[in-house]
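The values are calculated or read from the model by the stated rules, or taken from the named source; none is laboratory data. Note that the structure is predicted; figures quoted are calculated from it, not measured. As a convention, Cβ positions derive from the backbone with ideal geometry for all residues, glycine included, and neighbour counts pool all protein chains shown.
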Amino acid sequence: MRRLIAAALWLIALPTVALDEAGLRAQHMQRLDEPAPDFVLRDASGTAVHLAALRGRPVIVHFWATWCIPCRKELPTIQALARRLANTDCVFLAVAIDTGAVDLRAYAADLGFILPVYRAGDGEISDRYWSWGIPATYLIDRDGAIAGRALGPRDWTSDSMLALMRRFTAR
């Protein structure tokens, strides 16, 4: 009986890897807990990225546009977050909703953003993801569910955000 109680107490003491409601709320994020609609993105060379193929890994999908001033300020913090989570298996997808002939890679590089950049119009992705406006960021968990959604800009490098993202990417 003592072993059973000790084991139960040990399990309770383990840090949770799930994104709790309070942690999301503290970062002004919403919990959705719904399946992420599948999509296909293509990079500049035409290589396809399927969301379904990323199942088993945490995915951060960030929607932005070159004409969006808050996006311009936020992109470097997304890049900094990616650097801080480089030792995890988290996948970052930066998706521009621009429809013009803007050179997205050059634009992003001018901001010091070196993660791969995708144009929504070059793939098959529903505007449902950004219908609330941009910037919009989705946290898709290892099971393919939307664990959280951030609408509007934020600092992805704050200590509290980094702690939340470490819980999100933990195994």
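Does Y118 satisfy the criteria of being at pLDDT 90 or above and either closer than 11 Å to V61 by Cα or in contact with a helix residue (DSSP H, G or I) (Cβ under 7 Å, 6 or more places away or on another chain) (or both)?
Working: at pLDDT 90 or above: yes; either closer than 11 Å to V61 by Cα or in contact with a helix residue (DSSP H, G or I) (Cβ under 7 Å, 6 or more places away or on another chain) (or both): yes.
When the stated conditions are applied, Y118 passes them.
Matching residues to (1) surrounded by fewer than 20 Cβ atoms within 10 Å (Cβ to Cβ); (2) out of contact with any Ser or Thr (no Cβ under 9 Å at 6 or more places or on another chain); (3) of a type outside the set (A, V, I, L, M):
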| site | (1), (2), (3) |
| --- | --- |
| P116 | yes, yes, yes |
| Y129 | no, yes, yes |
| G133 | yes, yes, yes |
| I140 | no, yes, no |
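Inspection of the range 117-130 finds a residue satisfying the criterion of being assigned to a helix (DSSP H, G or I), under 23 Å from A44 (Cβ atoms) and small (G, A, S). When residues in the range 150-169 are screened for being crowded, with 19+ Cβ neighbours inside 10 Å and assigned to a strand (DSSP E or B), 1 of them pass.
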